[in-house]
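Comments concern the structure below.
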Amino acid sequence: MAINRILRVLIVDDSIFFRTALQKALSADSGIEVVGSAASAREAEIKIRELSPDVVTLDVEMPDMRGTEFLKKLIPVHPVPVVLVSSVNLGIFEALDAGAVDFVRKPSAQGGNEFQMFCNELLVKIKIASSARVKKAVSHPESALIPSLRLAGASEHIIAVGASTGGTEATLDILKRLPADIPGILIVQHMPVGFTKMYAERLNRICSFTVLEAQDGYRVKQGQALVAAGDRHMMLEKDARGYYVKCALGEKVSGHCPSVDVLFRSVAKTAGSDAIGVILTGMGRDGAQGLLEMRKKGSFTIGQDKASSVVYGMPMVANDIGAVARQAPCASIAGLIVQRLNRENR
């Protein structure tokens, strides 16, 4: 993505070796200026006030304060975009709740190909974060919520959801409002392998229906949502018993694996007018063409609006090409889904 200014970045990590290696790697990009580094949350708070960085990279596990608590203090006062750097850790989702824009999986070493791939991904996410809308902390109790929305009857529909940057919280905001007897939901969220399983488990604790990380051959059931695994495309198939998913390794499509386009195209082909497609916040265009194919096949399609998107990229492209039937703020999307299902059940 093109940035018309040099981005000022502050690195926050308790390891001096990691800070040094990361500063060297990021500074090699002509569009990045590393204005400073901090070894603790308290030091970071001081340097954010002094240096006014455009983006902060933050280790989730700090010695003096957890990243989540730091963000809860920081964001209301200094709404700076934060990209988290984390090992496979459930705290990542709490930190995203607290206002972080995105995250990158921390490499196991400071050198070699793994570290270079990490730096390349982090550079992309820093540039995306620089133009993102920073949101304040949201509370999601780790227990089932009872939605007020009600379905008028059973439905054979399929609901397909695609999201990227900012999507972990946007998807949760929608799912937590849906009733327990919702038709089968398929979700592609751009996220590394390992994190998708934790994300599904977290959704399962909060939502009123079952949420699982998808595996090849899983049936699509009422009252259940499936999250695509972080390294596999997920496609909808149908046999004499009904709908099921095919999950397979594959090349990146629209820049991603799993790809929203892959899911949406399979839903268009397999479910057609018996489907609802939802495209949420995220950079790029993954899912836009697939959503257009869904709409052409008679699916009802929804795009998140600009005001509620962390990054208005994917839903914007989808809307611009005519793939979106209704555009709405995230908080209204669950209501639109249930309204459409009830209309179909008349």
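Every number in this text was worked out from the coordinates using simple rules, so none of it is lab data. Only a predicted model underlies this, so the values are computations on that prediction, with no experimental measurement involved. Positions of Cβ are backbone-derived with ideal geometry, glycine not excepted, and every protein chain shown enters the neighbour counts.
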Using helices alone, I'd like the mean residue ellipticity at 222 nm for the chain: each DSSP H run of four-plus residues gives -39500 (n - 2.57), total over residue count, nearest 500.
-10500 deg cm²/dmol
Formal net charge of residues neighbouring Ser332 (Cβ-Cβ distance under 12 Å; K, R +1; D, E -1):
0
Within 10 Å of each residue's Cβ, count the other Cβ atoms and sort Ile206, Ile279 from fewest upward.
Ile206, Ile279
What shape does region 158-344 have by the C-alpha gyration tensor, where a ≥ b ≥ c are the square roots of the eigenvalues, rounded means a/c under 1.5, and otherwise prolate means a/b greater than b/c and oblate the rest?
rounded
Given axes a ≥ b ≥ c from the Cα gyration tensor, I'd like to know whether the chain is rounded (a/c under 1.5), prolate (a/b larger than b/c) or oblate.
prolate
For the residues Asp239, Asp181, Asp286, what sequence is obtained by ranking on other C-beta atoms within 10 Å, fewest first?
Asp239, Asp181, Asp286
Cβ-based exposure ranking for Ser299, Ser131, in which fewest neighbours within 10 Å come first
Ser131, Ser299
What pairs from Lys221/Lys252; Lys47/Lys72; Lys127/Lys197; Lys238/Lys269; Lys127/Lys252 go past 19 Å between their alpha carbons?
Lys221/Lys252; Lys127/Lys197; Lys127/Lys252
Please get the size of the charge dipole for region 158-344, origin at its Cα centre, with Cβ charges of +1 on Lys and Arg and -1 on Asp and Glu, quoted in debye to the nearest 20.
300 debye
If exposed GluC sites (Glu not before Pro) are those in a DSSP loop with at most 15 other Cβ within 10 Å, what is the longest stretch of the chain that has none?
1-141
The chain: relative contact order from alpha carbon pairs under 8 Å, six or more residues apart, as a whole percent, is 12 percent
Region 205-221 to region 14-61: how many Å between their Cα centroids?
38 Å
Using DSSP, restrict attention to beta bridges with both residues in the chain and report what percent are antiparallel, rounded to the nearest 5.
20 percent
